[in-house]
Amino acid sequence: MKITCKYFFLLFFFFLDGVTFSQNSKIDSLKIKLQKYSKKDTTRVNLLNDLSNKLYGKRSFDKTIKYLKESEKISDSLGYTKGKAKSLRLKGLVYRDKSNFEKSFQFINEALQLNKTINSKSEIARCYNGIGVLFYYKGDKNKAINYYKKSIYFFEEIGNKKAVAIITNNIGRAYSELGNYPDATIYYKKSMSIHKEVNNQIGIAYCYNNLGLIFMNQGNYIKALEHYNKSYKTAKKNRDDWLVNATLGNIGAIYHYQEDYEKALFYYEKILKTTDKKVKAFTLNNIGLVHKEKKNFQRAIENLKKSIKIHQEMNNKFNLTSPLNNIGDVYLDLKEYSIAYQYFKQAKKNGLEVKNQRSLCNSYLGLAKVYLNQKEHYKALNSVVKSKEISDKLELLNYQRDAYNLFTKIYKATGKYKKALESHEQFKILNDSLFNKENIEKVAQLEYEYKYKQAIDSANIRELQLTKTVKTTNENLEKSQRNLLLGVIAFLITTLILVGVIFFLKLRNEKSKTQNIVIEQKLLRSQMTPHFIFNSLSVLQGMILNKEEENAISYLSKFSKLLRTILENSRHKIVVLSEELSAIDSYMALQNLDVSPPFEYKLTVDSKIDTINFKIPPMLIQPFIENVIEHAFPNKIENKQIKVTLMIKEEKLICTIEDNGIGIDEINQKLENNKNSLATTITSERLAMLSKEFKNEGAIEVQNRKIFGEEGTLVTLMIPYKIE
């Protein structure tokens, strides 16, 4: 079965070109501003570029080009490099969507060079991403990945996490297309982690959608549906129509692969309600394929022709090749070779124009089949050779297999039996390879189900045998050994009761321990709130009374963000290290606002630690920082320092908290209730429990820095962790 629904998923959440799918009101507002502002200066250039960006989002390409030309002309006259670079990049995006990849590359590359002269890191990053997308379209996924990584480098430099998350997702998409599912999964999960960090629900939903695609390609349809449903719910809730349609298309594709054509049609036809022409064209193509598989050729032709018409209206030559090839296949099935030839020929022409290599493989194979049926063996052989050259370059196993299958038929028809045999052997090798690649997950799942069923059957047989033995024994014992049997049964029952009592007492004891630990954790997590919240609200009240509105708003924003993080983290047993560090940083920043002069603090993380993939128990570090702030500097006014350092030593996660205060010995003497010692004791017990659970060592050590000839206290935490 040849299903091209994959083309459907690749359209969504992919490019980060700075484009939004704009409302008409925003476009009208920009047009009014442009009419009122007639002066030809940098302000007008920026207005023209903003309007062009919105119009591109509405796919109004002619109007977009019109405004970009004016923008470029004014920028040239003013020598305004930034404005010209942006207009060139946007122009490149328009030509990309019109399938003119050469012009697109020319404009985006020119924009890149201009942005390098002014060191505009944000625009440099967008240009690299734009070039990556071009290579992706052209089928060179490895080059696409290289440019995506360059883009991420610059976005990370300027701290644009949302952009990093999106392009990380792009890299995952490219690896998925290369069939490298392990790396694709890593990048999707990394993208999802960053989206969670910036609370971008739609970004998370797109990652679920793409992970579902990997499971679908591996034949794990249950997992795929599970991920698609998560994606669909979020998309529906956030009114993201693109993602809603993508998910519906993916669910339809699952039923398509499983040859449940009625359900596939049900989901595909839901998407036809969309007003987006591009989506509609892809969906009609997929509906046409379903009817082709059902041998309903007339309906297949009708839908494929509708898809072709919409792509032609949009001048989308790149994606037009797919329905052209598919309708050619339908006419091949109908043995109407002359009509099939015309469609394959047109698909080949478009594929060559836009350099759609995958489509060209299909077109050449289609033409070869036509030539073979018309006994034009030389032309057939020539077409297969061209298809194989491309499929070898792109490592497309399915097209390589089909090429060898046609070689076999051509050589057999021309009497070259040795070559026919060699081609057939290659066909079998590739066919087996494809089977293993596409079905290894299915086979593993079936094998597991078989072994599980076999184990159940074996257990049932043993149970039957045991029952039979017991019955026989009972019959014998009824005659001669009834009393002995009753004694044995009584002994066994007594033993079982004793074992049950012991087990129950042990379980209750363990449950009690667990409850105590949970209570201690909750106590430890909440220990900072009363004093800290009271102080924070007092500071906020003072700012409001002094009419420091900007400071009050800033303080309230930071305070609310910190409280939300603490409440969120308290719900989980482990949290992402980056989230914990962010909470600590926010906490220290807030504390500093209420101190005059403020203390110096430094948060350092070893470069070997990936804060996104490391997970630790929450609220282990913060209580010790709170102790430092409250007790370490009772009389000290200047040069108050707190240093928090995280490092990896011999695969152990070490956190040190240093201060230059009065030292732990004097602190303990001044604390009446010995709070610091209690916090240390509770944390030690908690670490001991966590060490067993994580199977990872945890410990705590508090030292007076006098032993090193320095002032202050050194707390060393060995934190249990997990890596995902």
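A few points about this structure:
- Members of the range 378-413 found to be more than 22 Å from Asn325 (Cα to Cα) and surrounded by fewer than 15 Cβ atoms within 10 Å (Cβ to Cβ), listed by number: Ala413
- Applying the condition of being open to solvent by 30 Å² or more (accessible area, probe 1.4 Å) and outside any helix (DSSP H, G or I) to the range 120-145 and asking which residue is modelled with the lowest pLDDT yields Lys138.
- Looking across Tyr153, Tyr148, one residue alone is under 27 Å from Met192 (Cβ atoms), open to solvent by less than 10 Å² (accessible area, probe 1.4 Å) and in a helix (DSSP H, G or I). It is Tyr148.
- Tally, over the range 637-666, of residues that are open to solvent by 60 Å² or more (accessible area, probe 1.4 Å) and over 35 Å from the mean Cα position of the chain (by Cα): 6
- For the range 305-347, the set of residues classified as in a helix (DSSP H, G or I), basic (Lys, Arg) and free of Cβ contacts under 8 Å to residues at least 40 places away in the same chain consists of Lys305, Lys306, Lys309, Lys345, listed by residue number.
- Filtering the range 4-40 to residues that are modelled with pLDDT of 50 or more, assigned to a loop (DSSP other than H, G, I, E, B) and open to solvent by 30 Å² or more (accessible area, probe 1.4 Å) leaves Gln23, Tyr37, Ser38, Lys39, Lys40.
- Qualifying residues in the range 532-572 (those that are out of contact with any Pro (no Cβ under 7 Å at 6 or more places or on another chain), modelled with pLDDT of 75 or more and not in a helix (DSSP H, G or I)) - the one least open to solvent (accessible area, probe 1.4 Å): Glu548
- Every listed requirement among (1) surrounded by fewer than 18 Cβ atoms within 10 Å (Cβ to Cβ); (2) under 28 Å from the mean Cα position of the chain (by Cα); (3) assigned to a helix (DSSP H, G or I) is met by Thr275 save one, (3).
- Whether a residue is within 19 Å of Lys196 (Cα to Cα) and over 28 Å from the mean Cα position of the chain (by Cα) was assessed, and Ser554 does not pass this test.
- Within the range 585-618, the set of residues being open to solvent by 10 Å² or more (accessible area, probe 1.4 Å), more than 13 Å from Leu646 (Cβ to Cβ) and in contact with a Leu (Cβ under 6 Å, 6 or more places away or on another chain) comprises Ser586 only.
- Hey, Ser578 open to solvent by 30 Å² or more (accessible area, probe 1.4 Å) and part of a helix (DSSP H, G or I) or not: no
- Pairs meeting the criteria (first residue in the range 571-584 and farther than 13 Å from Val644 by Cα and of a type outside the set (Ser, Thr, Tyr), second residue modelled with pLDDT under 85 and part of a strand (DSSP E or B), beta carbons under 7 Å, at least 6 apart or on different chains) are lacking.
- Residue under evaluation Asn296, criteria (1) out of contact with any Ser or Thr (no Cβ under 8 Å at 6 or more places or on another chain); (2) under 30 Å from Ile204 (Cα atoms); (3) open to solvent by 30 Å² or more (accessible area, probe 1.4 Å), criterion not met: (2)
- Test for Asn362: is it in a helix (DSSP H, G or I), open to solvent by 50 Å² or more (accessible area, probe 1.4 Å) and either under 30 Å from Asn315 (Cβ atoms) or modelled with pLDDT of 90 or more (or both): no
- Some residue of the range 598-619 being more than 35 Å from the chain's Cα centre (by Cα), outside any strand (DSSP E or B) and either among the aliphatic types (A, V, I, L, M) or farther than 20 Å from Arg564 by Cβ (or both): yes
- Residues of the range 192-226 satisfying the condition of being farther than 19 Å from Glu568 by Cβ and open to solvent by less than 20 Å² (accessible area, probe 1.4 Å): Ala205, Tyr206, Cys207, Asn209, Asn210, Leu211, Gly212, Leu213, Ile214, Met216, Gly219, Ala224
- Matching residues, the range 179-212, being hydrophobic (A, V, I, L, M, F, W, C), closer than 22 Å to Lys150 by Cβ and touching a residue at least 40 places away in the same chain (Cβ under 8 Å): Ile194
So that you can scan it fast, the table gives a plain yes or no per residue for (1) in contact (Cβ under 8 Å) with a residue 40 or more places away in the chain; (2) over 18 Å from the mean Cα position of the chain (by Cα); (3) in a helix (DSSP H, G or I):
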site	(1), (2), (3)
Ile222	no, yes, yes
Lys233	no, no, yes
Thr247	no, no, yes
Asn250	yes, no, yes
Glu259	yes, yes, no
Glu262	no, yes, yes
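- Qualifying positions in the range 79-109 - farther than 24 Å from Asn316 by Cβ and assigned to a helix (DSSP H, G or I): Thr81, Lys82, Gly83, Lys84, Ala85, Lys86
- Failed item, numbered, when Leu289 is tested on (1) surrounded by fewer than 19 Cβ atoms within 10 Å (Cβ to Cβ); (2) assigned to a helix (DSSP H, G or I); (3) in contact (Cβ under 8 Å) with a residue 60 or more places away in the chain: (1)
The values are calculated or read from the model by the stated rules, or taken from the named source; none is laboratory data. Every value quoted in this text rests on a predicted model; they were computed, and no experiment measured them. Positions of Cβ are backbone-derived with ideal geometry, glycine not excepted, and every protein chain shown enters the neighbour counts. Remember, those area values only see protein heavy atoms, side chains included, never the ligands or the DNA or RNA. Shrake-Rupley method; radii C 1.70, N 1.55, O 1.52, S 1.80 Å.
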